[in-house]
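Visitor: This structure is in C-alpha cells; I'll ask about it shortly.
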Amino acid sequence: MENHTARSHHVAIVGSGPSGFYAAAALLDAADSDSGLDVRVDMYDRLATPWGLVRAGVAPDHPKIKSVSSQYDKTAEREGFRFFGHVSLGEDVTRDELLERYDAIVYAVGSQTERRLGIPGEDLPGSIASVDFVGWYNGHPDFVDLAPPLDTERAVVIGAGNVALDVARMLLLPEADLRATDTADHALDALVGSGVREALICGRRGPREAAFTTTELRELADIDDLAVVVDPEQVPAGIADDDTLPKGTRRNLDILRGFAENGPDPDAGHRMEFRFYRSPVEIRGDGKVEEIVLGINRLETGEDGRTRAVDTGERETVPTGLVLRAVGYKGLALPDVPFDESSGTVPHTEGRIDGDEHTREYVVGWIKRGPTGIIGTNKKDANETVRHVLADLAEREPIEHADDIEAWLRDRCPDLVDQAGWRAIDEHERGRGEPHGRPRVKVVSRDELIKLSRP
Ligand code: NAP
C-alpha cells in the first residue's frame, strides 16, 4: 500500500463497477500526463469484492463479457489507486466525512433496484425481480437465500430486453454448459436440478420495438437442446426489409424471422418462446404464483413518434409457478444527494451534480444516465464526467485533511477489505475453479469473504 501524500488531489469513487473503474483510469491518466495534477483515487464498495455488475450482473455463460475485469485489475494495480471494500456510504461513513477528506466524490453506484410493474399479485412468492434472480445466480451475498421455485415446468419472463434473455437462458442451459461457468454453487445445483422446461418471454410491444442486442439473440441458435419458438404471424416474411429501421433492429428481425421460418426443434428438451404484444395484467395464485394474466396489446404511435402498447381488452391466462420481472433497473437515492425519483438518477450537468452545495460531487454510469447501454458505454460516459472533475481540481488547491484516511477508515471499519484482501479472495476463488475448468468458484458468504481477505 503506497503512501498517499497530503498535497495530492484525492478523489473518492463510490462504487466499483465498470463506470467507477473507467472513471478511475481516466483520473489516473491525468496524473500520468503533463496536466500538472497529482490525482489519487480511493475506490469504495459496500461489498467485499469489486467489479459491480461484471461480477454480479453479467450472465455467467458470457465469460467473454466478464473478461473485461482484467482491465479493471490493471487499473487497480496502478500507482495512486486504493480499493476499500466492505464500506457502506451512509452506514459506515457519511457523505460529509468523505467531503472533509476528499477533493471530489464521484458516485458510481449504478441502479440497484428494480422497476415495478404495479399489478396485483406482483409480490406473491414466485414473482421475482430479475435484479434479485441475477444476483442469486451470480453469488451476490444479498440474494443467496432467494430460493426461486424451480419445480415449475414453465417460467414467464416479463420484458423484451437483454436481461430477460439472460434469465431465460440461464433457466434453460444444458447442464454441461452451466457447469463450465462461475454460477454460484447454490444456484448451479438448483438450476441443474430444475424442473423448468420452458421460458416464455413476453414483450409488451412488438418485435421491432424489442430491446435485445443482436449477438444475444443470435447465440440462442447455438444452445444445445433448445427449441426457440417464434410465431410466424408476429414476424411475417419481409419484416426485416424495411430500410427505415435501424440496422440492429433489422438484424434482430432477420434472426427472429429465421427462428419462425425454421420452426422449433421438435426433439429439444427445452423451449424458449417469444410472445410479443403482451402486458402482464395480474399474477394469481393461492399463496404463491400459479398463473399470470396477460393483456393483448395493439400498437399506436404517439405524437412524439414513439410506439405505445395499447390494451385491446383481450386476455390470455398462462399457468406458471415462476414469473421473472425483467422490465429494467432503477437507481436508489444517495444520502443527502439530489435525486430524481421518476428517472431514478441524480440530476447533473455532464456529470457535475446540480446544486450549489454539490460542487465537488459527480456521477458516472447508470446513476447518471439511467440503466441503459452495454459495459463499454460507461467509458465515454465516465470520460465526460472526469473532464469536469479535472477542470475543477485544476482550479482548487488540494484540501488539507487532518487524519490519515486509511487509518481513519480501518478504525471505523474493522472488516475493511483492501486491494491485497481482494487479491487473496480472487486467488482463492480462481484456485477452487481451476480443477473443474471453471473461471472461479465464488465465495458468497460475507464472513468467509472477510476471513479470506485477512493477511
Ligand atoms: P431494457 O433493455 O430497458 O429492457 C426492458 C424491457 O422491459 C423492455 O422490453 C421494456 O419494454 C420492458 N418493460 C418496461 N416496463 C414494462 C412494463 N411495465 N411491462 C412490460 N414490459 C415492460 O432493460 P434490461 O433488459 O434490464 O437491460 C438494461 C441494460 O443492460 C440494457 O441497456 C441492456 O442492453 C444491458 N444489458 C446488456 C447485456 C449484454 O450486452 N449481454 C446483458 C444484460 C443487460 P418497452 O421497450 O416497451 O419499454
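Visitor: Along the Cα→Cβ direction, 7 angstrom out, place labels at Arg284 and Arg298. What is the inter-label distance in nm?
Guide: 2.6
Visitor: Give the whole-number value, in cubic angstrom per residue, of the convex hull volume spanned by the C-alpha atoms of segment 192-325.
Guide: On the way: hull volume 17.9 nm³, N = 134.
About 134 Å³ per residue, rounded to a whole number.
Visitor: If you don't mind, another one. With only Lys, Arg, Asp and Glu charged, each at its Cβ (+1 for the first two, -1 for the last two), find how big the charge dipole of segment 127-202 is about the Cα centre; round to the nearest 20 debye. Show your work: numbers first, answer last.
Guide: Values: 4 positive and 12 negative charges, 55 e Å.
The calculation lands at about 260 debye.
Visitor: Right, next: For helix 377-394, what angle does its Cα long axis make with the longest principal axis of the chain, in degrees from 0 to 90 and rounded to 10?
Guide: 20
Visitor: Under unit Cβ charges (Lys, Arg +1; Asp, Glu -1), what dipole magnitude, rounded to 20 debye, does the chain have relative to its Cα centre?
Guide: 720
Visitor: Hey, fewest Cβ within 10 Å first, where do Ser445, Ser16, Ser69, Ser453 land in order? Could the numbers behind the result be given before it?
Guide: Working: Ser445 12, Ser16 28, Ser69 19, Ser453 24.
Ranking Ser445, Ser16, Ser69, Ser453 by Cβ neighbours within 10 Å, fewest first, gives Ser445, Ser69, Ser453, Ser16.
Visitor: How large is the helix-only mean residue ellipticity at 222 nm for the chain, computed as the sum of -39500 (n - 2.57) over DSSP H runs with n ≥ 4, divided by its residue count, in deg cm²/dmol to the nearest 500?
Guide: One gets -9000 deg cm²/dmol as the mean residue ellipticity at 222 nm.
Visitor: Need the C-alpha centroid separation for segment 115-130 versus segment 209-266, integer Å.
Guide: For segment 115-130 versus segment 209-266, the Cα centre distance is 28 Å.
Visitor: Right, next: Just to be sure I follow the definition: excluding the sites themselves, where is the longest run in the chain that has none of the GluC sites (Glu not before Pro) in a DSSP loop with at most 14 other Cβ atoms within 10 Å?
Guide: Longest gap between qualifying sites, sites excluded: 154-232.
Visitor: Right, next: Please label the shape of segment 377-455 as rounded, prolate or oblate, based on the square roots a ≥ b ≥ c of the eigenvalues of the alpha-carbon gyration tensor (a/c under 1.5 means rounded; beyond that, a/b larger than b/c means prolate, else oblate).
Guide: Oblate.
Visitor: Need one number: % antiparallel among DSSP beta bridges in segment 225-336, to the nearest 5.
Guide: On the way: 16 of 21 bridges.
Bridges in segment 225-336 are about 75 percent antiparallel.
Visitor: Here's something else I'd like to know. Among Val93, Leu165, Leu150, whose Cα sits farthest toward the positive end of the charge dipole of segment 48-202 (+1 at Cβ of Lys/Arg, -1 at Cβ of Asp/Glu, about the Cα centre)?
Guide: Leu165
Visitor: Right, here's the next one. D for the chain, whole µm²/s, Stokes-Einstein with Kirkwood Rh over alpha-carbon pairs at 37 °C and 0.692 mPa s: what number?
Guide: 139
Visitor: Further, regarding this structure: On the Cα set of segment 347-401, report Rg and Dmax in Å, please.
Guide: For segment 347-401, the Cα-based Rg and Dmax read 12.4, 39 Å.
Visitor: While we're on this one: Taking a ≥ b ≥ c as the square roots of the Cα gyration tensor eigenvalues, with a/c under 1.5 meaning rounded and otherwise prolate when a/b beats b/c, else oblate, which class fits segment 299-455?
Guide: Oblate shape, in that a/c is at least 1.5 and b/c is the bigger or equal ratio.
Visitor: Starting from the Cα-Cα distance between Arg315 and Asp447, subtract it from 0.36 nm times their residue separation and give me the gain in nm to one decimal. It would help to have the intermediate numbers written out before the result.
Guide: Working: separation 132, 0.36 × 132 = 47.52 nm, distance 4.85 nm.
Length gained, Arg315 through Asp447: 42.7 nm.
Visitor: Rounded, prolate or oblate: pick one for segment 1-145, where a ≥ b ≥ c are the square roots of the eigenvalues of its C-alpha gyration tensor, a/c under 1.5 means rounded, and failing that, prolate if a/b is larger than b/c, else oblate. Display every interim value, and only then the final one.
Guide: Numbers: a/c = 2.71, a/b = 1.83, b/c = 1.48.
Judged from the Cα gyration tensor, segment 1-145 comes out prolate (a/c at least 1.5, a/b above b/c).
Visitor: With contacts defined as alpha carbon pairs under 8 Å and 6 or more residues apart, what's the relative contact order of segment 239-392 in percent? Write down the numbers at each step before the final one.
Guide: Details: 185 pairs, mean separation 17.7, N = 154.
It comes to 11 percent, rounded to a whole number.
Visitor: About its Cα centre, how strong a charge dipole does segment 298-438 have in debye, to the nearest 20, once Lys and Arg get +1 and Asp and Glu get -1 at the Cβ?
Guide: Rounded to the nearest 20 debye, it is 900 debye.
Visitor: Further question: Tell me, how many Å apart are the Cα centres for segment 383-419 and for segment 20-96?
Guide: Result: 13 Å between the Cα centres.
Visitor: Taking the Cα centroid of segment 425-455 and of segment 297-335, what is the distance between the two, rounded to the nearest whole Å?
Guide: So the two Cα centres are separated by 39 Å.
Only the coordinates and a few stated rules stand behind these numbers; no lab work does. Remember, it's a predicted structure, so these values are computed and weren't measured experimentally. Reconstructed Cβ throughout: ideal geometry from the backbone, glycine too, with neighbour counts over all protein chains shown.
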